[in-house]
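> Would you mind keeping the following structure in view while I ask a few things?
The values are calculated or read from the model by the stated rules, or taken from the named source; none is laboratory data. Here the structure is a predicted model, which is why all the values come from computation and not from measurement. So basically every Cβ, Gly included, is an ideal-geometry build from the backbone, and we count neighbours across all protein chains shown.
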Amino acid sequence: MTASEPNRPQPLTMRDVAARLGVSTMTVSRAIRGDTGIAEPTRQRVLAEVEALGYRRNDLARQLRSGESHRLVGLIVTNLANPFYAQLAVGAEQAASVHGVGVLVSSTNGDPERERELVLDMAARRLAGLIIVPASNDHRHFDPQVLDGTPVVLAATPPQGIDVDCVLVDDFRGTYDACRKLIGDGHSRVGFLGLPASTWTGSERYRGFAAAMDDAGLEIDERYVSRHRGDIRLAEAATRRLLDLPDPPTAIITANNRNTIGALRTLTRSDAHVALAGFDDIEIADLLQLPLSVVAYDAGAVGREAARLLLDQIESGAPVPGAATYGRQRVLIPTHIVDYPQADYTDPEPDAHLEQDEP
């Protein structure tokens, strides 16, 4: 949980409007909806106060509670070509659909300016809330205060300088466990194909690698480390550079599935015997003819939990100071190691199942 800023203004609620006027929240609700049964002077006084305070009625919260029409939340990810984000999106849609809510998905392609445009556009279109996988460490444009009170939940990265909920993968522990496994298998020359240090996943996964090496009393050889954006071609080239060293690593850790695929492409074309451990499971891992360990986790759960947090905010109305559902929750998705032994496509006794004729 993160501490809220005590002097930070919070989005207004219907309760706040009612308290300013000395009336009930039901009176405010009826005035905004245009219901009968409320005196016209009272209605006008409520509407004037709503206008003056800039209060925005949370229509989706009302519709969720009453089971009314279908509405949308936004999901902004960095790269839909990456299976992780596709699974995250499926998880978010699963959780939202239970409440009759649709998910509008957009990709930034890792461009912070594109991200800013998408966020502001979705908020301007009055989407009920946003789930965002940040493309950079500048999160100021995600602040619900900047977005006219639009609820926001971050995924895969914790908030920087703003007070919103988030869902994270246990990046540190997953990489630490993968590295310790390789070390336990007898490897002391361990390479690392990482992600940019400027990203949360890049820094946390490298930190897990470095901690495991340090705990085992091993020094990191910087020649064995490459940190670049998750890209198959870059990972192929980085793996080739490692194999071309006079004393190449005997094991490599890759920081995401794109790097794993790139490393596999190079290793399958090489005679080198290199153990590989990658963050993120890949669908065909059990069919590969190379020993592979992966850091597995439920990517769909990242989306489901993010949607749950967002819908909790929406259903409870605009947040109030001290509300447990606003800027207080950090959900951590656990990881575990899955080993895929080298596939054996040979029959140890190819003719044992055939009847043999007597000579």
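> Looking only at the range 116-133, count every residue that is surrounded by 13 or more Cβ atoms within 10 Å (Cβ to Cβ), out of contact with any strand residue (DSSP E or B) (no Cβ under 6 Å at 6 or more places or on another chain) and of a type outside the set (D, E, K, R) and tell me the total.
Total satisfying the criteria: 3.
> Also, I was wondering about something else. Return the residue satisfying two criteria in turn: it lies in the range 104-115 and is touching a helix residue (DSSP H, G or I) at 6+ places or on another chain (Cβ under 6 Å) and under 20 Å from Val169 (Cβ atoms), and of such residues it is surrounded by the most Cβ atoms within 10 Å (Cβ to Cβ). Talk me through it step by step, then tell me what you get.
Going residue by residue through the range 104-115, those that are touching a helix residue (DSSP H, G or I) at 6+ places or on another chain (Cβ under 6 Å) are 105-106, 108.
Now narrow it down to the ones that are under 20 Å from Val169 (Cβ atoms): 105, 108.
Numbers: Val105: 17, Thr108: 23.
Here the residue is Thr108.
> Next question, about the same structure. Does the range 104-155 hold any residues that are in contact (Cβ under 8 Å) with a residue 60 or more places away in the chain and among the polar types (S, T, N, Q), and which are they?
Scanning the range 104-155 gives Ser136, Asn137, Gln145.
> Let me ask something additional. Checking the structure you have, find out if any residue of the range 121-137 is closer than 18 Å to Ser316 by Cα, modelled with pLDDT under 95 and among the polar types (S, T, N, Q).
Within the range 121-137, not a single residue is closer than 18 Å to Ser316 by Cα, modelled with pLDDT under 95 and among the polar types (S, T, N, Q).
> Further question: Applying the selection to the range 300-318, what residues are surrounded by fewer than 24 Cβ atoms within 10 Å (Cβ to Cβ) and within 17 Å of the chain's Cα centre (by Cα)?
Gly300, Ala301, Arg304, Arg308 - these are the residues of the range 300-318 that are surrounded by fewer than 24 Cβ atoms within 10 Å (Cβ to Cβ) and within 17 Å of the chain's Cα centre (by Cα).
> Consider Gly202 against the criteria (1) surrounded by fewer than 18 Cβ atoms within 10 Å (Cβ to Cβ); (2) within 23 Å of the chain's Cα centre (by Cα); (3) farther than 24 Å from Gly102 by Cα: it satisfies all of them except one. Which criterion is unmet?
Tallying (1) surrounded by fewer than 18 Cβ atoms within 10 Å (Cβ to Cβ); (2) within 23 Å of the chain's Cα centre (by Cα); (3) farther than 24 Å from Gly102 by Cα, Gly202 fails exactly one: (1).
> Residues that are under 25 Å from Arg308 (Cβ atoms) and either among the hydroxyl-bearing types (Ser, Thr, Tyr) or in contact (Cβ under 8 Å) with a residue 60 or more places away in the chain (or both): does the range 173-195 have at least one?
Within the range 173-195, the first condition is being under 25 Å from Arg308 (Cβ atoms), and the residues that meet it are 173-174.
Those still in the list that are either among the hydroxyl-bearing types (Ser, Thr, Tyr) or in contact (Cβ under 8 Å) with a residue 60 or more places away in the chain (or both) too: 173-174.
For the range 173-195, residues under 25 Å from Arg308 (Cβ atoms) and either among the hydroxyl-bearing types (Ser, Thr, Tyr) or in contact (Cβ under 8 Å) with a residue 60 or more places away in the chain (or both): present.
> Please verify whether the range 297-310 includes one or more residues that are modelled with pLDDT under 95 and either farther than 30 Å from Gly102 by Cα or among the β-branched types (Val, Ile, Thr) (or both).
no
This table checks each residue for (1) at pLDDT 95 or above; (2) farther than 16 Å from Val152 by Cβ.
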position	(1), (2)
Ile76	yes, no
Phe84	no, yes
Gly91	yes, yes
Ser97	no, yes
Gly110	no, yes
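> Which number in (1) surrounded by 23 or more Cβ atoms within 10 Å (Cβ to Cβ); (2) of a type outside the set (Phe, Trp, Tyr); (3) modelled with pLDDT of 95 or more marks the one condition that Ser188 misses?
Of everything listed in (1) surrounded by 23 or more Cβ atoms within 10 Å (Cβ to Cβ); (2) of a type outside the set (Phe, Trp, Tyr); (3) modelled with pLDDT of 95 or more, Ser188 misses just condition (1).
> Sort out which residues of the range 245-267 are in contact (Cβ under 8 Å) with a residue 60 or more places away in the chain and of a type outside the set (S, T, N, Q), and write them in order of number. Steps first, please.
The initial filter retains those residues of the range 245-267 that are in contact (Cβ under 8 Å) with a residue 60 or more places away in the chain, namely 249-259, 262-263.
Result: Pro249, Ala251, Ile252, Ile253, Ala255, Arg258, Gly262, Ala263.
> Here is a further query. Considering only residues that are under 12 Å from Leu53 (Cβ atoms), of a type outside the set (A, V, I, L, M, F, W, C) and modelled with pLDDT under 70, which ones fall in the range 9-42?
Within the range 9-42, Pro9, Pro11, Thr13 qualify.
> Moving on to the next point. Only residues in the range 211-240 that are on the phi < 0 side of the Ramachandran plot count as the first member; pair them with residues that are modelled with pLDDT of 95 or more and charged (D, E, K, R), Cβ under 6 angstrom, at least 6 apart or cross-chain, and list the lot.
As it stands, the answer is Ala212/Arg180, since those pairs meet every condition given.
> Might you check whether a residue that is surrounded by 23 or more Cβ atoms within 10 Å (Cβ to Cβ), in contact with a Ser or Thr (Cβ under 8 Å, 6 or more places away or on another chain), within 19 Å of Gly174 (Cβ to Cβ) and not acidic (Asp, Glu) occurs anywhere in the range 222-242?
Yes, there is a match, as at least one residue in the range 222-242 is surrounded by 23 or more Cβ atoms within 10 Å (Cβ to Cβ), in contact with a Ser or Thr (Cβ under 8 Å, 6 or more places away or on another chain), within 19 Å of Gly174 (Cβ to Cβ) and not acidic (Asp, Glu).
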